[in-house]
Each structure stands twice: as C-alpha cells, then as structure tokens.
Amino acid sequence: MEAQKSGEKFVVPIGPQHPALKEPGHFEFTVDGEIVTGASVRLGYVHRGIEKGTEDRTWTQNIYLLERICGICSHVHATAYVLGVEKLAGVSAPPRAQAIRTVTAELERIHSHLLWLGVAAHEGGFDTLFMYSWRDRETVMDLLELISGNRVHYSANVLGGVKFDLDVDKMDAIRRGLDFLEERTHHYMKVVTTDETFLARTRGVGLMTREQAETLGAVGPTARASGVQRDIRIDAPYAAYPDFPVQLITDSGGDLLARFVVRLKELFECYRVIRAILDQIPEGELTTRVPRRIPAGETISRVEAPRGELFYYIKSNGGEKPERIKVRTPSLCNWGTVVSVAVGHKLADMPMLLAGIDPCFSCNDRMVRVNRDQSSQLWSWEDLRQYGIKYYR
Amino acid sequence: MDSQTALQTAEKLLEPYGMEMIRQDDLRLDVLLSPDQLHEAVKALHDARWGYLSAIAGVDHPAPCEDAVASGGIDQEKKGQVEVLYVFCQGAAVLTLRVKVPYTRAELPTVCDVIPSATLYERELMEMFGVEIRGTPVKDRLLLPDEWPEGVYPLRKTTMIGTACSSSKDEV
C-alpha cells in the first residue's frame, strides 16, 4: 500500500490485513513527524451480508447465522435475537432458561475480557502478562466447553429457552474455576495499577473526557472508563438481570489505565453474579413453545455485550422469515473514538490505543509501506509494535 | 429520570415537529416526521440532552407486488419507499424518529453537525439503501467493496442476492 503525501504531511496506512482487529479494518493516520494529526477508517472487508441473509432464512435458522457474527461474543448476539423474537411472539423463556442464558453470557464476558487483557498487554510488549492471562482464560474456555460442548459458538439459545441444563457437578466445576480466576484477577489488578513500566504506557494515554465519550458515541467499558454511566444490564435489565442485578463499574480516569481497571473490575462483578445465580438458580423447564410463524410487528432488543451496547431491530411480517433485522454492534460505535483520540498522540502509541477499545485479533500479519521523501519502507504490524516498544524503552 | 418521565419529556420536546406519535409499548415511543423536520427534531433532543443516538436503521417498503407487475415495474420505482429509523435511548426508554422517503426523492439532511458519531451510520444507510444524505462530512465507501456497481443497494428488497454480485464480477 502506498503512503500518499497530503499537503506537507504523510499518511501512514494501517491495514486492512493485520492482527490488531477482529475485522480487517483500514486506518489511515496522517502524521507530522512522530505526532498523529488525523485519522480515518474504512471497514467492510469482511462484510458478509448477514442482515440481507436473515431475510431469506427461517426464524430458527437465523439464531445460528446471527451467532456467527462474532467469534468472541457469539452468545450475546443470539441472546439479543431470541429475546427480541420472544417479545414479538408474546412468550418469555422460563426463569431457569433465563438464568442459564445469563450465566453463559457472563462466562463469555470473562473470556472476552481476559482475551482483551492479553491482547492489550502484548501490544505494549508485556508478553509475560499476555501469556499468563491467556493461560488463565483457558479455565473459562474449558468451563464453556463443559456446559455447552463448544469453546466458541455455544449455541445455548433456542427460541423460547436454552438447550442445556446445569447440573450440580457442572455448577461445582464453574465455582472452582471462578475461585481460581478471582485470585488471578486480583494479581492482574495489582500488576496493571502498580507496575511502573506498565503505567508508563497507559497512564494519561488516549485521554477521553466524559463529554468526548458521549459526543463520539462510545459504548461499553470504553465509555465507562470515561465516567459515562451506561450499562444495558442495569439501565434496561433483560434475561435474569432483573433478579440478579449487576453493579455499574465506572472510572473517571478516561485514559488507557482506566480502560484496564474498568474491565478488570467488571471481571469481579462477573464472578459475583455467576455465583449468585448458581446459588439460587430457579427450578423448572428449559424451554417454552414458540410458534413457527412470528406475529407481525417490530421490536428493538438491546443487550450489553462485552464491548458495549448491542442493538437489534427485528421486524416480522407474520411469516416464517423475518422482514428485516438490523444489527448495530458495539465496535462500530467505538471506531469513532479511536479516530478522534489518536490525534495528538505518537505513532508509537497507536497499537495500544487501537487495542484499548477491545477490537479482536485474527492471526494474519499486515504490511504497510511508508513513503518518506521518496524512499519507501515496508512495515508490518509486528514492526509497528516493535517500534512502539523500542520507542518507550 | 425514570423511563416514563423520559418519554413524556420527549413527547413534549417533539410536539412541534411530529406528525404523529405512537406509544408502541410501555418503554417505546415512535414519532413520525417529515424529512424536513428531521434535523430540527434531532437538534431539539440533543439540546435537551435527551438520551443518545443508538442506531440508524433503514427499512425498505417496496411497492406492492401486484402494482409493480401491472405497470411493468415502473410503479416499483415510483411507489417504493425507504423508511429510516433514528433510534434514541435513555435508560430503558427507546424513542424512534421515523422518516419515510420515496425512491424517487431518497434524500435526508445529515445530523452529523449535531451528533458527530452519526457519520458511520449515515454512510451505511447511503450504501445499503441508496438514501442520499445531504451535507454528511464523509461520503466514501464504508462497507461495500470498491468495485461494487453504482446504484445497487443491497438491502432494498428488489436487490436479489447473487445478481448484484455477478454484475460486479462482470465489471472486474
């Protein structure tokens, strides 16, 4: 990819192929020497036409299609969808099913936050932290596999309930796993808040005030780390959250450090809520009957994904297939924050800033050609990462 | 502010603009607007700091099939409409501003001057439904491939999956 001269500034293209983001995204940073003066984004490299695809599939088939929008927060997509469809059909899943949905959602949040912790640490060059946190993440992956049979797409939801039950043995296994993870999370909290080398990369970096976060439309932990009090689990509780409320975690810091602290504190909240549900899990059926044709109407379904508010608009024309499904994922909202917050920062901060909003990693490498005064260089994401680490050494 | 008070406040704020207001359920208020009033209404909500823009969703309303067949597809162009929903949320309260534009004059004003984060949603709407957003800061392709043919809007009902792709392949 050719970097272009834009006035007297240079444009550094990043992506679309690189391991920093869940979706291949293309960013262009305009730099003046070391300092980023502008940024833009181009998405759509993995646009799969899922919204259009839903219009050609039955209500049941769509659970599986929509669950595959994301490989990290898969369960939360299916949950938003089934809750919306159940509302249209005028049924609600039995309490035990709602509890199991919520346990799965919180286990998913644990796996997502631990994955992010490792990724963000890796971008800063803290590979020991990365490896420890991913080792510990295996605990929760094993738990998800134990209860659902799958590590990634758990397929917990069906229209009107869930597919699997939690017996006493499985609940005990979850409790043991959580005890281990809680102890580890205390350790991570200590590392990210006291380790001076780590703080040097996070404290005061990527500062976003509450006003900025609101104007830029940030959601989830990214917004809460700037003091925005917004969490769908609390604002509009769904599934089992009305009976097992979670506490709102915010931080007024607004920098990368605050984003670490908020996500780690949310982990403790996950552990607490899962234990509370397991201790008082309602008895009863796992599913209720949902008609094959969903009555005509439209609904809006919102849930709190690990990355923030996930929005579904579902419209039925009374048939076996939906008329329209609109999905707005939390990452879409958070792109805007990267593009704005990047301005004024050093190029060396970009890897951690990008990772700070919790985009996900695929395992490709990425090439960037940087043109400086006619002489060109090839940079991969790895080069940029190393550049960032060396810059701060 | 609880959800009911929030929705009542919204009703008052939007009274000068809305053609019709519908309470879908306890927590949802729909306000039908004409395209000219959209910008003013969004500004009124923003100035009163009512909630936040959660999503912009397009919904296609093609002309009924029998009409389209009778007129040999001409009415399809004339009568089809795109409905655009601007969804605002405050706590559990959900407010939807609904605007309908005909295919023949599919244009809306931008709201980016009031809510900068709307830019990605507006770009998506332009590409997927062919609604021209007047004054939106960036009009570059966001989601569709560079070689995607002009004038093919994938989320319109008349666009069949497969046909748009094959024509774009032909061009390449």
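So here's what we get for this one:
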{"read-out": "Unsatisfied cross-links (Cα-Cα over 30 Å) in the set A:Lys265/B:Lys12; A:Lys315/B:Lys43; A:Lys9/A:Lys390; A:Lys87/B:Lys139; A:Lys170/A:Lys326", "value": "A:Lys265/B:Lys12; A:Lys87/B:Lys139; A:Lys170/A:Lys326"}
{"read-out": "Under 19 Å from the A:Ala200 label point (7 Å along Cα→beta-carbon), backbone N, the stretch A:250-286", "value": "A:256-258"}
{"read-out": "Given charges at beta-carbon only (K, R positive; D, E negative), |dipole| of the stretch A:229-352 in Debye", "value": "500 debye"}
{"read-out": "Rel. contact order, % - alpha carbon contacts under 8 angstrom, at least six apart, chain A", "value": "27 percent"}
{"read-out": "With 10 Å bins from 0: P(r) over the protein assembly as shown, alpha-carbon pairs, percent", "value": "3, 17, 27, 27, 18, 6, 1, 0"}
{"read-out": "Inverse of mean 1/r across different Cα pairs in the stretch A:185-316, Kirkwood, Å", "value": "17.1 Å"}
{"read-out": "Of the trypsin sites (Lys or Arg not before Pro) in the stretch A:31-106, those whose Cβ has at most 15 other Cβ within 10 Å and which sit in DSSP loop", "value": "A:Arg48, A:Arg68"}
{"read-out": "Rg/Rh (Cα only; Kirkwood hydrodynamic radius) as it applies to the stretch A:51-331", "value": "0.98"}
{"read-out": "Residue range of chain A that is longest and free of GluC sites (Glu not before Pro) which are both DSSP loop and sparsely packed (at most 15 other C-beta within 10 Å)", "value": "A:35-282"}
{"read-out": "Charge-dipole axis of chain A as Lys and Arg at +1 and Asp and Glu at -1 on Cβ define it, positive-most pick from A:Ala120, A:Ser331, A:Val46", "value": "A:Val46"}
{"read-out": "Derived scalar couplings ³J(HN,Hα) [the stretch A:282-292; Karplus, 6.51 cos²θ - 1.76 cosθ + 1.60; whole Hz; x for Gly, Pro]", "value": "x, 7, x, 5, 9, 9, 10, 6, 10, x, 5"}
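No value in this document is a laboratory result; all are computed from the given coordinates. If you're wondering where the values come from, they're calculated on a predicted model, not measured in any experiment. Neighbour counts run over all protein chains shown; Cβ positions are idealised from the backbone, glycine included.
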